[in-house]
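Taking it in order: structure first as C-alpha cells, then the write-up.
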Amino acid sequence: MKALIIGAAGFVGRYLARHLAGDLHWETALTKLPAEKLADTDCPVYDLDILRPEEIVSLLETLRPDVIFHLAAQSSVAVSWKKPQMTAAVNVTGCLNLLEAVRSMEGYAPRILLIGSGEEYGHLPKGVTLVSEETPVHPGNPYAVTKAAQNMFGHLYARAYGMDIIMVRAFNHIGAGQLPQFVAADFCRQAAQIVCGKRENVIRTGNLSARRDFTDVRDVVRAYGLLAQKGQAGETYNVGSGRSIAIEELLREIIRQSGAEIRTETDPARMRPVDLPEITADISKLQRDTGWLPEIPLGQTLREMLDGFIEEIKEEA
Ligand code: A2R
C-alpha cells in the first residue's frame, strides 16, 4: 500500500507516519510546508502548500498514492477567531484543491481521508451529550465551521463524482509533543516546570468543569489506518474514546503522576465561557466497521506527556 500524508509536520502527522511506515509497513511519503522541519523520519518528505493547486497535481502524478491522509490545516480555534479568512482558505479551499487535483487526474481513484473534528458538532441540544455521526452539527467557532464545510464537500464529492472519500471527526487527542495551547499539554508543562523547580507549586487553570472525550494520539492514528483499510466510502466516522472526563479529573491525574505537592489557582486569562458542558463521541460506527478500540490508558498518556516536558526542560538547562 502506498500512502501520502499531507500536513505531516504537525502533531498528528508525525505519529501517523510512524504508524503507517513502522507498524503497517506501508510505503509512506510525507508533505510539509517549506518553512517547516521534519527530521527524524526515514520516509521521503516533499514541500507542499495546499493553497498551490498545481503543486498538488504534480506531486500526485509523481507518487500516485493509494491512500491520501489530509491533515494539513490551520488547527487552532483561537487563531481561527483572529484569522477567519486564512483559516477558511487553508481548511476549506485547501481541501477543495486536493479534491479537485484528484478529480482532474485520469484513471486515478485513491482513497482520501479528510480529517475533521468533534468541534463540528458545537452547540448540542439540551440534554444531549453523546453524539453520533447523525447528530446535527452547529459549529460554535470559525475553525469548526471550516471543518464542517470540509465534511460536507467530502460527502458531496463522494456522492456527485463517486470518489472514494472518508470523513473523520476526531475528538480531543493528546500525547507527547503536543503544543501547550491544548489543555492537557498546558497542565503537563506547568507540572513539569514545578517538578524541575522552575516554577512555584501552583498550576494555573481555566474552567475545570467541562467534560471532554480524550484519546491517545497513537490510538487515533491506528483508527485512521483501519479506516483507510475498512471504512466505507462516503461515510463520516467519529474517532474518540467513547467516554468523557471532567478537565478537573484530568488535572488531578496529572498532579498525581507528578508526585509533587501542587496547588491550583484559576487564571482569568485562561477562562473561556463554557458553552458546551459535556461532549462524548459515540464510536459504535467506527467499532462496527473496523473493530477499533482505544488501548492506551489516559494515565499512561499523561505520564508520557509529563516526562516529555521534563526532558525538554532538562535539555534546555
Ligand atoms: O500551521 P503550521 O505551520 O503548524 O502547519 C500546519 C500545516 N499547514 C499546512 N500544510 C500545507 N499547506 C498549508 N497551506 C498549511 N497550513 C498549515 O498542517 C501543520 O504542520 C499541519 C497540521 O498540523 P497541526 O496543526 O499540528 O494539527 P494536528 O493536531 O496534527 O491535527 C491534524 C488534523 C488537522 O486537520 C486538525 O484540524 C484535525 O486533525 O483535528
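None of the figures in this text is laboratory data; all of them are computed from the coordinates on show. All values reported here derive from a predicted model rather than from experimental measurement. Quick reminder, even Gly has a Cβ in these numbers, built from the backbone with ideal geometry, and neighbours come from all protein chains shown.
Net length available on complete extension from Met1 to Gln287 is 100.7 nm, with 0.36 nm assigned per residue and the Cα-Cα distance removed. Equivalent ellipsoid of the chain: semi-axes from √(5λ) of the C-alpha gyration tensor, largest first, are 33, 22, 18 Å. Of all DSSP beta bridges confined to the range 174-283, the antiparallel ones make up roughly 25%. Structure remark: mean-square fluctuation, Gaussian network model of the chain, C-alpha springs under 10 Å; the largest value among Leu16, Leu302, Leu51 belongs to Leu51. Using the structure shown, select from Lys37/Lys230; Lys82/Lys147; Lys37/Lys83 the pairs with a Cα to Cα distance greater than 28 angstrom. Violating the 28 Å Cα-Cα cut-off are Lys37/Lys230. The antiparallel fraction among DSSP beta bridges confined to the chain stands at about 5%. Cα-based radius of gyration for the range 69-193, normalised by 2.2 N^0.38 Å, reads 1.18. Near Lys2, which aspartates and glutamates are there with a Cα under 16 Å away, not counting those fewer than 8 places off in the same chain? Candidates past the 8-residue exclusion: Asp23, Glu27, Asp42, Glu61, Asp66, Asp164.
About its Cα centre, the range 2-146 has a charge dipole of approximately 380 debye under the convention of +1 per Lys or Arg Cβ and -1 per Asp or Glu Cβ, with nothing else charged. Note the angle between two axes, namely the Cα long axis of helix 53-63 and the longest principal axis of the Cα atoms of the chain, as a number of degrees from 0 to 90, rounded to the nearest 10. Between helix and principal axis, roughly 80 degrees.
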